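This report refers to the structure that appears directly beneath it.
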Amino acid sequence: MAQQPEYVSGGRGTRRARRVYERGERIFSEGDWGGTAYIIQRGQVELTRSVGTEIARIALLDPGELFGEMALVDGRPRTANATAVDAVELLTIDRAYVEKKIAETDSLVALFMRVIMARFRDQLSRNPYSASGRVDEGGAGHVELSYADDLVRTTRRMEIDSALRQALDTSEFALFYQPIMNLHTGGLAGCEALLRWRRRGAEVTSPDQFVPLAEDTGLIVPIGEWAFGQVCRDLEVFDRTIPALDKSPLYVSVNLSGRQFQQADLVQRFQLLAAAAGADPGRIRIEVTETLLIDNPTDAKRMLKDLRTLGFKIAMDDFGTGYSSFSYLHQYPIDVLKIDRSFTSGILSDARSASIVRALVAMADSLGMAVIAEGVTDPRESEYLRRVGCQYGQGYLFSPPLPIDAFIERYGI
Ligand code: C2E
Ligand code: CA
Ligand code: CA
């Protein structure tokens, strides 16, 4: 019998097991469901296959060779037998690990892999001795197009990606502005810039429908840079049209994607963009999420510190939805805490949400951070927030995000 797997630690938290087989022992058989691929560490492995009533040897594998990978990748049954020729030691790679890696890879690369795999199996089913003399335990018989769904999804993503690239060139992006109100004075304190795609011949598209894709492909970097530059230019427009109601002049918040931290010269680029538009960095708030900080811990800390040194303010967005580790609040240079709307919407009906909001307000206050409650939709929520000391609110109660002209019309002189 094969020994129980002995786990050895692989890279990046994976676990790879070492298994030992005795001479003549079967490793897997035709028809088995394959959840494992193997790399031979010691000994030889013979792959055989039934051809009619005969058993034919299709390969004799030596240390360093890989087998069992096809069933692992495409989840189809084994169509070869693998047997230990002598005492064999194998390193195993399990399906969960490979699936995770495939899910993380570029969808086009994953699709290519599936298409090649299906074609290879198709070829094997026609000629079991084909394919460069080395045949894996590939699936014989009818090959269905198991990648048809992937193909539709990938094609759709590629279409959106190409349309997004074009949208940058043809200025189809716009920023809508949503007011942030001072709950104590009732005056306008600032606004958040929210990206919209005014796609030709289509309705205005929300960021939820294209930002995740743009983050995957990296296109969010030039899009985010455009948004930042536009905010800097729009500040000057606001100065001409909107009075400084809340004592200090209006500020604008802009969302930053984690991908943008991968741009080594992000800080200098933002500095130049602000300078070119004559915008005061003190009136620009950069909104980051916890996920963004977790994904880029070192770069993010350094860049946020540098941005702050230049005078920009940093806001922690959607607070309470991520890992909500309070350690971020003192580790990172945060000026503003934005309480996620899932808490705001619960304060009237759910005592726990109300307590969390009160605790966050008290904590932010003691750390010297301003607090903005997101998603305020009811005047009673606004009143409650004001009573517990939350100074700022944002939400449909005050206004949805508006095109800049509509925003100025509403809040301008
Ligand atoms: P976010 O940064 O949390 O922005 C707030 C979202 O909540 C906006 O959705 C806003 O329209 C919506 N909202 C505001 N008040 C209410 C309310 O009272 N109730 C409800 N249900 N929703 C409210 P939007 O504009 O669709 O943006 C969605 C997300 O897309 C943003 O969430 C942000 O994560 C991302 N996003 C938007 N613009 C940009 C951008 O320029 N760059 C990047 N990287 N992401 C952006
Ligand atoms: Ca935001
Ligand atoms: Ca938010």
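Nothing in this text is a laboratory measurement; each read-out follows from the coordinates by a stated rule. The structure presented is a predicted model; accordingly, all values stated were derived computationally and were not measured. Backbone-built Cβ (ideal geometry, glycine too); neighbour counts: all protein chains shown.
For the peptides 365-375, 168-178, the ranking by packing is 365-375, 168-178, with the highest mean count of neighbouring Cβ atoms within 10 Å listed first.
The 3J(HN,Hα) values that the Karplus relation (6.51, -1.76, 1.60; θ = phi - 60°) gives for segment 38-51 are, in residue order, 10, 10, 6, 9, 8, x, 10, 10, 9, 9, 10, 8, 7, 10 Hz. Gly and Pro appear as x.
Suppose R0 equals 30 Å; then what is the FRET efficiency for residue 200 and residue 149 from their Cβ-Cβ distance, rounded to the nearest 0.05? Working from the Cβ atoms, E equals 0.55. Sorted on the mean count of surrounding Cβ atoms within 10 Å across their residues, most packed first, peptides 200-212, 267-279 read 267-279, 200-212.
Starting from the Cα of residue 23, step 7 Å toward the Cβ, then list every residue of segment 62-98 with an amide N under 13 Å from that point. Output list for this probe position: 84-88.
Per-residue 3J(HN,Hα) values for segment 194-203, derived from phi via the Karplus relation 6.51 cos²θ - 1.76 cosθ + 1.60 with θ = phi - 60°, read 10, 6, 9, 10, 8, 6, 4, x, 9, 6 Hz in sequence order (x marks Gly and Pro).
Sequentially through segment 181-188, phi angles give Karplus couplings (6.51, -1.76, 1.60; θ = phi - 60°) of 9, 7, 5, 7, 9, x, x, 6 Hz, Gly and Pro residues having no value and appearing as x. A cut-off of 5 Å between modelled amide H atoms, ignoring neighbours fewer than 5 places along the same chain, links residue 27 with 82, 83, 84. Residues whose amide H falls under 5 Å from that of residue 58, counting only those 5 or more places apart or on a different chain, are 47, 48, 49, with hydrogens built in the peptide plane.
Remark: spin-label model distance residue 305-residue 89 equals 4.6 nm, labels positioned 7 Å along the Cα→Cβ axis. Could you tell me which of rounded, prolate or oblate describes the chain, using a ≥ b ≥ c as the square roots of the eigenvalues of the alpha-carbon gyration tensor, with rounded for a/c under 1.5 and, failing that, prolate when a/b is larger than b/c and oblate otherwise? Cα axes put the chain in the prolate bin. Amide H to amide H, with H built 1.01 Å from N, residue 189 comes under 5 Å of 180, 181, 182, counting only residues 5 or more places away or on other chains. Entry note, the chain: the mean residue ellipticity at 222 nm calculated from DSSP H runs of n ≥ 4, each adding -39500 (n - 2.57), is -12000 deg cm²/dmol after division by the residues and rounding to the nearest 500.
For the chain, the longest principal axis of the C-alpha atoms and the axis of helix 148-169 are separated by about 40°. If you take the square roots of the eigenvalues of the alpha-carbon gyration tensor of segment 26-74 and sort them as a ≥ b ≥ c, do you get rounded (a/c under 1.5), prolate (a/b over b/c) or oblate? The shape class here is oblate.
For the chain, lysine pairs separated by 8 or more sequence positions, or belonging to different chains, with Cα-Cα distances below 22 Å total 7.
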